[in-house]
Amino acid sequence: MYKLVAIDLDGTMLNQYGEVTPNTKKAIQAAIEKNIEIVIASGRPIDSIKTIAKEIGSNHYFIAGNGALIYDIQKEEIVYDKFLPKQKVLEIIKICEENSISYNVYTEETILANSLKYNVLYYQKENLKKEKSKQTKISIIENIYEYVKSKKEEKFLKMTICDDNKTVFQSIIRKLRKIEGIEVLDVSHMSKKTIKQGTEEITVEYYYTEITMQNVDKWEAIEHLINQLNIKKEEVIAIGDNVNDKKMIEQAGLGVVMAGSTPEVSDIADYITTSNNEDGVAKVLEKFC
């Protein structure tokens, strides 16, 4: 009997338009009614996840920033965290600025960006379909380095680095790997997002990586949570689609990937469900819960 299901958002629970389908909501609610913990495990910041958790009826915990924190929904507080130190954030920003490469800084509540490009453009288009209280907060900052430097209380979940040129992207990755005490996610394929613009569908493609504090991982956060809840790892289902889901797919009692996921995670999965556009999460919950 499975007691907890950890589910990634982008490319997993959410379809290509950033939506949770009615079928997926129905399957999640049925699992919750059986006292199964549904825990979102995403790279997004707190407020972006909070609205989706409310939408699906998950009201206990979620994991943000790829495992940088666990948020207690009922108490409205962080109960576990591994933030990026400000000095590391500044060091990374400096390298990105010197090499004219796009980057974003994820704080507890917002995404800092100097323009609407790549993943931030996708979030912005997603926001247009939501009421203000449910939107992912994006702060356009002209000089992010000076902004971060001036903040005393700000907490940093992670950073994302994006570029549509593979050579430029790989060059910056090599430089970032020389920084001690950080984790640079090994992503070598292009991310693909679909944006609706009126009757048109626009595809946004780019290479990206995510940077967190060393030893930050979705599974590390899940393990902390299940120890608190007295749940065994064999009683956990983890569902994802990308390299940042690898460890939780590997370690959970049942590791599930979506059809069309990166081979690095597909090769280690216990089960492959249909894609995020074919209610793959719903099918897993119906089959195993």
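The values are calculated or read from the model by the stated rules, or taken from the named source; none is laboratory data. The shown structure was predicted, so the numbers you read here are calculated from the model rather than taken from an experiment. So basically every Cβ, Gly included, is an ideal-geometry build from the backbone, and we count neighbours across all protein chains shown.
Below are the figures for this structure:
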quantity: Tally of residues being among the aliphatic types (A, V, I, L, M) and more than 19 Å from the chain's Cα centre (by Cα) across the stretch 270-281; calculated: 1
quantity: The stretch 1-42, residues that are in a loop (DSSP other than H, G, I, E, B), polar (S, T, N, Q) and without any contact (Cβ under 8 Å) to a residue 40 or more places away in the chain; calculated: Asn35, Ser42
quantity: Failed item, numbered, when Lys178 is tested on (1) within 16 Å of Ile101 (Cβ to Cβ); (2) in contact (Cβ under 8 Å) with a residue 24 or more places away in the chain; (3) not polar (S, T, N, Q); calculated: (2)
quantity: Number of positions in the stretch 152-166 that are surrounded by fewer than 14 Cβ atoms within 10 Å (Cβ to Cβ) and over 17 Å from Tyr118 (Cα atoms); calculated: 2
quantity: Selection from the stretch 158-186 of residues that are out of contact with any Phe, Trp or Tyr (no Cβ under 7 Å at 6 or more places or on another chain) and of a type in the set (S, T, N, Q); calculated: Asn165, Thr167, Gln170, Ser171
quantity: So Thr194, is it polar (S, T, N, Q) and either modelled with pLDDT of 95 or more or buried (at least 19 other Cβ atoms within 10 Å of the Cβ) (or both); calculated: no
quantity: Count - residues of the stretch 241-289 that are among the small types (Gly, Ala, Ser), more than 19 Å from Met1 (Cβ to Cβ) and either touching a residue at least 60 places away in the same chain (Cβ under 8 Å) or not assigned by TED's automatic domain parsing to the domain that holds Thr21 (or both); calculated: 3
quantity: Residues located in the stretch 166-196, provided they are among the hydroxyl-bearing types (Ser, Thr, Tyr) and closer than 17 Å to Gly11 by Cα; calculated: Ser188, Ser191, Thr194
quantity: Top-ranked residue of the stretch 198-210 - restricted to ones that are in contact (Cβ under 8 Å) with a residue 24 or more places away in the chain and farther than 14 Å from Gln16 by Cβ, ranked as nearest to the chain's Cα centre (by Cα); calculated: Glu210
quantity: Filter result for Gly43 (in contact with a Pro (Cβ under 8 Å, 6 or more places away or on another chain) and closer than 22 Å to Gly255 by Cβ); calculated: no
quantity: Test: residue in the stretch 52-69 that is touching a Gly at 6+ places or on another chain (Cβ under 9 Å) and in a helix (DSSP H, G or I); calculated: no
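The rows are residues; the columns are (1) within 19 Å of Glu183 (Cα to Cα); (2) out of contact with any helix residue (DSSP H, G or I) (no Cβ under 9 Å at 6 or more places or on another chain); (3) at pLDDT below 95.
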position: Val243; (1), (2), (3): yes, no, yes
position: Met248; (1), (2), (3): yes, no, no
position: Val257; (1), (2), (3): no, no, no
position: Pro263; (1), (2), (3): no, yes, yes
position: Ala269; (1), (2), (3): no, no, no
position: Ser275; (1), (2), (3): no, yes, no
position: Val281; (1), (2), (3): no, no, no
position: Val284; (1), (2), (3): no, no, no
